[in-house]
1. Considering only segment 542-586, how many residues are under 25 Å from the mean Cα position of the chain (by Cα), of a type in the set (D, E, K, R) and buried (at least 16 other Cβ atoms within 10 Å of the Cβ)?
2. For residues that are among the hydroxyl-bearing types (Ser, Thr, Tyr) and either surrounded by fewer than 21 Cβ atoms within 10 Å (Cβ to Cβ) or in contact with a helix residue (DSSP H, G or I) (Cβ under 6 Å, 6 or more places away or on another chain) (or both), tally how many sit in segment 258-299.
3. Checking the structure you have, find out if any residue of segment 293-313 is assigned to a helix (DSSP H, G or I), touching a residue at least 40 places away in the same chain (Cβ under 8 Å), in contact with a strand residue (DSSP E or B) (Cβ under 7 Å, 6 or more places away or on another chain) and not assigned by TED's automatic domain parsing to the domain that holds residue 402.
4. Working carefully through the options 428, 345, 420, find the one that is buried (at least 22 other Cβ atoms within 10 Å of the Cβ) and either touching a Leu at 6+ places or on another chain (Cβ under 9 Å) or in a helix (DSSP H, G or I) (or both).
5. Say we look at segment 1-19 and pick out the residues that are modelled with pLDDT of 95 or more and surrounded by fewer than 21 Cβ atoms within 10 Å (Cβ to Cβ); which of these is farthest from residue 359 (Cα to Cα)?
6. Taking residue 545 and the conditions (1) part of a helix (DSSP H, G or I); (2) more than 29 Å from residue 348 (Cα to Cα); (3) not small (Gly, Ala, Ser), which numbered condition does it fall short on, given that it satisfies the others?
7. Specify the residue that is nearest to residue 241 (Cα to Cα); the eligible residues are those in segment 33-52 that are assigned to a helix (DSSP H, G or I) and touching a helix residue (DSSP H, G or I) at 6+ places or on another chain (Cβ under 8 Å).
8. Among the residues of segment 619-646, write down those that are modelled with pLDDT under 50 and closer than 15 Å to residue 516 by Cβ.
Amino acid sequence: MNEMRILAIIPPMTQLNTPYPSTAYLTGFLHSRGFQAEQADLSIALAHKLLSVAGLEAIHEKVSALPLKRHTPATKFFVENFESYRTTISPSIRFLQGRDPTLSHRIASRRYLPEGPRFSLIEQYVDSEQHGGDALDLAFGALGLQDHAKHIATLYLNDLADVIRDGVDPRFEFVRYAESLAASQPTFERLHTALNEPHSLVDELLHTLTLDALAQHQPNLVLITAPFPGNVYGAFRVAQTIKKTYPSIVTALGGGYCNTELRELNEPRVFDYFDFITLDAGERPLLALIEHLQNKRPIEKLVRTYTRTHHYVNFNEPDIALSESGTPTYTGLPLGDYLSLLDMLNPMHRLWSDGRWNKLTVAHGCYWKQCSFCDVGLDYISRYDLASTDVLVRRIESLIHETGQTGFHFVDEAAPPKALKSLATTLLQRKLDISWWGNIRFEKSFDANLCQLMADSGCIAVTGGLEVASDRLLKLMKKGVSVEQVARVTRAFSDAGILVHAYLMYGFPTQTVQETVDALEYVRQLFAAGCIQSGFFHRFTCTVHSPVGKNPEQYGVTLSRPPHATFANNDINFTDATGVDHDMYGAGLKKALFNYMHGVGLDLDVREWFGQPEAAAGSRKKGRDRATVAVPRTLVPPNLIERALA
C-alpha cells in the first residue's frame, strides 16, 4: 500500500454548529507530512438527511405505521401537523445556516412554525404571571429578532429529534446518540447485538452517506474518530458498511473514547469492524501505522495500537510536539452547512451550540495535573506541551485565511495564564482582530490587568472548574483554589466584560448534605454578585484512571468489585462512608442553576429548590420523592462573596 489515500471521518452524532476538531487536526498534520488526506463529517450530513423534506417524509411514513398505543405527544403532534413541518423544514434549515435571515420575522411571530411539546419549556424562562406578557418576549428583551427566531427554530428541531427517537430509533439524539451502548460497557455484547439488528431509517441513511463518501474519496485507509460514547455506535456502523462493501479498506478507530475507556480492550469481535485501534494523541500512532501499511515498519513496532493478531503493541517512541503537529485544516468540510442553534437564552451557555468556531489548542495536556477526580495519568492530561506564541498566531492567521471566519475556541484542558498573556499581547501588537474563548483554571494569576488585556485582545468568555464549591472538598481534590479566590478571579473577568462559565460537581467522596446546600449558596452569591453568568452541575463519577479510583482509601470510599471487562472500562461504582444519596439533590441543584442563568430566583432561600424551604437537618423518609428530602439551612454567611470581593 505505497500510495496512501486517507479519509478521516466524524461519525454521528457530535455537534451541529461546528465540526468536531479531531479530523481537522489529523488532516492538517498529515498534509504537513506530505500525505494525501481528506475528511468528511457524517454527523452533519446525517442531520441534513433527516432534517429535509425527503427525510421528514420517510419519518412520517414510519411514525404513521405505529399503533396508536405507541404514539407519544411528540409523534402525535408531528402526524397531525405534518404538512406544516414539510413546508417549513427547508426554510428553517436555511435560516439556521445564516442563508435566509429575513425569515426571522415570520419565525419570531410564533405563527409560522408548528410548536410541539418542546415549546412548553418556554414558560420556564420567566414567571409570566408575575411579570406579565409573553414569557419568550420577556426573556429575550432587547436580544433581538434574529436570536428570538433562532431559539424558536431550535425548539422546532428538538421536537423533531423527539419524533425520531420516539417513532424511528429509540437511541437517537442530536448529541448523545446511542450513548448507553458504549459508556462503561464491560462487554461488547450490547453494542454487538445492536449492530446486528436490521437497519433503522437512521442506520440506512448513514449507510448511504458512508458509501457516498467512499465513492467520492476512494480511500484505502479510513480513520474514524470517537471522541464520546455518543459517537461509538455511529463509528461502528460506518466501519461495518466499509467492511461489508470494501473489505480491503483498512479502518482505524481513535479518539477520546478509546483513550479513556478502551485501555484494557480484549474483545476479538471489535476487529471485525476495525483493523487498528489507537490510543492517546493520534499523530505518532498514525505515522507508525502508515509506515506499517507501506511495509516500512513491522507490526511489532506499532505505537499504542491494538490489532487482532498482536493485541496491544506499544513500541516506545516520543510523541509529536504540538509545535510540529501542523495547522488544523477544515478543507473538505461543508462549513456553510452547520447550524447555529440557540437552545438556552443564557448568553454564555449558548456558545457551545451557536456559531461556527475554529478550534485550536494553546497547550497539550494540563500544567496543573493534580485534581483527584481527573485522569491525571493519561496522555491527554499528563503530557504537558506548550506551543510558542508565534506558532499559535501563525495557525490563527492560516485558519482565518482558509475559513474567512475569526471566531476561535481554544479547547485546552486548562490554558496557562502566561501563554494567554503572551497571546493577547501579540494579537494586539499585530492588530489581529479575533473573538476567542477557552478553558482555564481560576487561579490568582488572572488579575484585573490580565483579564482586561485578554478582553482587549478579543477574549469574550472563559470556562473553568469551581467543582464542589467547598473549601474543604477543594483541598481534598487538590484543586488548588478556594471559593473566595474563585470569586475574585471570576469578578475580574466579568468586570473586563468577559463571560464566565463554572463547571460544578456534586457527590464528591465524603461530601455531606450540608456541604451540598452550602455549595449552592456559594453559587447563588456568585451569580448575584455578577461573578459568573453560567454553570453546569454534573454528578461526580469515579474513573479507573483518577487518583480517587487508584487510591480510594485516601478519599473515604470503597470501590465496588468491578466486572470483568473485555471492552470498555472507565467508571467505577463506589460506596461513600457518609451514606448520602446524592441523587436526591441533583434535580434541585440543576433547577436552581437553570433559573440563576436566567436571572430568576436569586433572592430565594436555596432550600426552596429542593422542595423544603422550612425543613431542618435530619433523617428523610423512605423513597426517592424530592419533597421528602430534609434540607438543612445553609451555614454560609449571606454576604460572604461580597466580603471576599471587598
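The values are calculated or read from the model by the stated rules, or taken from the named source; none is laboratory data. Remember, predicted model here, so these are calculated numbers, not experimental data. Every residue, glycine among them, receives a Cβ derived from its backbone with ideal geometry; neighbour counts consider all protein chains shown.
1. The total comes to 1.
2. The number of residues fulfilling the criteria is 2.
3. Yes: segment 293-313 contains one or more residues that are assigned to a helix (DSSP H, G or I), touching a residue at least 40 places away in the same chain (Cβ under 8 Å), in contact with a strand residue (DSSP E or B) (Cβ under 7 Å, 6 or more places away or on another chain) and not assigned by TED's automatic domain parsing to the domain that holds residue 402.
4. Testing whether each residue is buried (at least 22 other Cβ atoms within 10 Å of the Cβ) and either touching a Leu at 6+ places or on another chain (Cβ under 9 Å) or in a helix (DSSP H, G or I) (or both) leaves just 420.
5. 5
6. Only one criterion in (1) part of a helix (DSSP H, G or I); (2) more than 29 Å from residue 348 (Cα to Cα); (3) not small (Gly, Ala, Ser) is unmet by residue 545, namely (1).
7. Filtering segment 33-52 for residues that are assigned to a helix (DSSP H, G or I) and touching a helix residue (DSSP H, G or I) at 6+ places or on another chain (Cβ under 8 Å), the one nearest to residue 241 (Cα to Cα) comes out as 42.
8. First, pick out the residues of segment 619-646 that are modelled with pLDDT under 50: 619-627.
Those that are modelled with pLDDT under 50 and closer than 15 Å to residue 516 by Cβ: 620, 626.
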